[in-house]
There are 2 protein chains.
Amino acid sequence: MKKTLLAGLMFSLVIFLSACGKLNFDSGSGSTSGTKSSAYQTTGAVTSDMYQGVIKNGRYQISSARGLTLQQNTQGSNTYNIKSMENGLLNLSKEQFSPQKYVFQEGQLLSTSVARNWLGRESSSNPDGLNPKDNGKKDPDTRNPIYLQQVLEQDYMVDSGDGMKLGGISIALGLNKVDYYTKTQYGAQFSTTISNATLTEKGEAMAKKVVERLRKMNGVSADTPILIGLYVQAESDSLVGGTFSNYTVAKSGTNLGTWQNLNEQNEVLPVVGNNKALNTNVANDFSNFTTQINSFFPTLAGTTAQVHYVDKELAGMKITINTQFYGETEIMSFTQYVGTSANKLLPSGVPIDITIQSVQGTQAFLSRANGDKSFYSHIFDSY
Amino acid sequence: MKKTLLAGLMFSLVIFLSACGKLNFDSGSGSTSGTKSSAYQTTGAVTSDMYQGVIKNGRYQISSARGLTLQQNTQGSNTYNIKSMENGLLNLSKEQFSPQKYVFQEGQLLSTSVARNWLGRESSSNPDGLNPKDNGKKDPDTRNPIYLQQVLEQDYMVDSGDGMKLGGISIALGLNKVDYYTKTQYGAQFSTTISNATLTEKGEAMAKKVVERLRKMNGVSADTPILIGLYVQAESDSLVGGTFSNYTVAKSGTNLGTWQNLNEQNEVLPVVGNNKALNTNVANDFSNFTTQINSFFPTLAGTTAQVHYVDKELAGMKITINTQFYGETEIMSFTQYVGTSANKLLPSGVPIDITIQSVQGTQAFLSRANGDKSFYSHIFDSY
């Protein structure tokens, strides 16, 4: 890292760095200390709190198990869960594996076949299955549900002098709060609801097995720290992903350490049906904002928000506005109005992203970072 | 305008204002000086060089002729032309009608029926048609082509003490360099190519008629300045819009003033077939950039750039990268790598926007404003 330059920038721009993500151009930081290391490069970092990624021989190291969670996820299919789990694991990892020291690499230890076996049920042909044996029952309350729906690995690399070596591993186990299943092939969908207590018990038991197995893998030493988090998936019809319920760090050997509980919730506003919003003030603010911007154009297709809470406090909002208007000047005026209205009516002091979309795609977006007083805005235009 | 606040912000943030478009929250600037004026609000401005828009009774004043250009444009259909013409007219207007003094309003003078008549051919049933009479001929070189394909009006409002009044008008006449037509209904498509000299001559003659007609309209006084620009449309298969060839300002009456020539070009990179790039250096830089980022993922669907030249000098680039990768961490790493590569390989000193898309929509974007040294970046993520 060019620390002098960065420090200078941070001094004058500290509140804007997080907002604007000014790129700190520092590629090849992994390739400065040895001859063998020329195969490695890094991506450079957008901000100091974002990981650089590993590039090997000019190519990004994609995960070998890439796409597997998607395939496994056809029943409780919800792409929000996938992105949300990736992001959540990255954020948990930042506390253990500082982006200043570690470089991110997509998981390389779990191959597709290994991950597929783990996600399967335990059986004579699949002794590695982390999900329980099929007990033959079809009733929601007596069958053995599928607890583990997704598994995600992230690797955190450090400089080894002549290249890079594994410095830490993060694993997310994506667990089903609701397990969707059919009694016959192509049959009607049923579901088993799993209690939080059961999910935690099963997840923690799986975590122990996972750490034991990882310790035996090539490249993992007895003291490579392994962060392991339990992610509770949102239901299949949710318009927002789930959250991590707890995590632990196995610093060495197979001792899992102490589990840390997390208290996070996601919700979508406006709430539908008879559901009650998690926080009435936030829901009211969003409702006032929606009312104000809805009157701007004669018709507006709809405005929804993903809302994130940590320890019962509002931690951020991601708002999507759908409009059928897409004239350049219409979008410009609307974007300015949305920004003005958001600053006036939405909760202050939390990061807010607002995306304005039409059937033609993303037209504009506004973003206010943590601690920032106003919105950055961008209109997607054309020459 | 809250000038004190703005001046303070500009002092410390002068290079970032243009990059980040920090919103200056100043709504209702048109409604401070009179009682009757409470019907008017403005949108607030993103930056001091962007127009605020008029809001009347809580609603944006959309243009009455809205959507007409789209309808007229089915033959030479190219949505790039529409956005590009809107943007170009806005930029031309800024020199005449300063955003510090004037507020933007979508054109309110030309109704749909009037605009439709103007865009039609002159005939006994349509004496107002600005396109020439049908001479009955079907041959590309002997028929009378459709010169005028689009018409766009923008209004610039000023404070009138007790509300707002029209302070200036801008009109764009969208002209066909190539006029597409069929000889029979649903028949094969033919085209007439029109020389620049003819286009200028016809366009300037139309401009004179347009100014004469506008002067007679309600709300337009003898000394309301009318900016009128000739926009040469890109061909129907172009992936970038056209450019304005010249413009004039009729300060009062029907005297058109002196036409000002503009020397602007747009092109798409990479060039296809045997076409030659307008500027070899720019084309090479873009090619090097593409090569570098193409190796990042195993497959990348394609990278194209809209390039804008003013007086033969590069004035900006808008790059679109299509990828089939959309894992959150994949997109994060890629975005950082794209930013690093762009800063290293693409021309410096000009504004560059880069959008990263997948079939799932816009995944990330990077933007470097004029005079800025690094890219702002944003990744579209989800809770």
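At-a-glance table
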quantity	calculated
Size of charge dipole - region B:61-262 - debye, nearest 20, with Cβ of Lys, Arg +1 and Asp, Glu -1, no other charges	320
Stokes-Einstein D in µm²/s, Kirkwood radius over Cα pairs - chain A at 20 °C with 1.002 mPa s viscosity	93
Lysines with Cα under 16 Å of A:LYS101, excluding same-chain neighbours fewer than 8 positions away	A:LYS2, A:LYS3, A:LYS165
Scaled radius of gyration (Cα, divided by 2.2 N^0.38 Å) that region B:113-187 gives	1.54
Binned Cα-Cα distance frequencies in the protein assembly as shown - 20 Å width, integer %	15, 43, 31, 11, 1
7 Å along Cα→Cβ, label-point gaps from B:ASN255 to other copies, nm, shortest first	9.3
Among A:LEU152, A:GLY163, A:HIS378 - extreme Cα towards positive end, dipole of chain A, charges at beta-carbon	A:GLY163
Rounded FRET efficiency, nearest 0.05, which uses the C-beta distance separating B:THR112 from B:SER160 and R0 of 35 Å	0.85
For chain B, size of Cβ-based charge dipole, Lys and Arg +1, Asp and Glu -1, in debye	760
Using a 7 Å Cα-to-Cβ projection, A:THR198 label spacings across copies, nm, ascending	7.9
Rounded, prolate or oblate (a/c below 1.5 giving rounded, otherwise prolate when a/b exceeds b/c) for region B:217-319 by Cα gyration tensor	prolate
Region A:173-220: Cα Rg divided by the 2.2 N^0.38 Å rule of thumb	1.61
For region B:61-262, the spread of Cα positions along each principal axis, largest first, Å	57, 38, 31
FRET efficiency for B:SER287 and B:THR198, using Cβ-Cβ distance with R0 set to 35 Å, rounded to 0.05	0.45
Residues of type lysines that A:LYS138 reaches as a straight line, Cα spacing below 23 Å, ignoring anything fewer than 8 places off in the same chain	A:LYS177, A:LYS183, A:LYS202
B:ASP237-B:LYS208 FRET efficiency (beta carbon distance; Förster radius 30 Å; 0.05 resolution)	0.40
Mean Cβ neighbour count within 10 Å, used as a protection proxy, ranking B:361-373, A:137-149 highest first	B:361-373, A:137-149
Residue among B:PRO99, B:PRO270, B:PRO127 with the largest mean-square fluctuation in a Gaussian network model of chain B, springs linking Cα atoms under 10 Å	B:PRO127
For region B:279-383: rounded, prolate or oblate by the Cα gyration tensor [a/c cutoff 1.5]	prolate
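No value in this document is a laboratory result; all are computed from the given coordinates. Remember, predicted model here, so these are calculated numbers, not experimental data. Cβ coordinates were reconstructed from backbone atoms using ideal geometry, including for glycine residues, and neighbour counts include every protein chain displayed.
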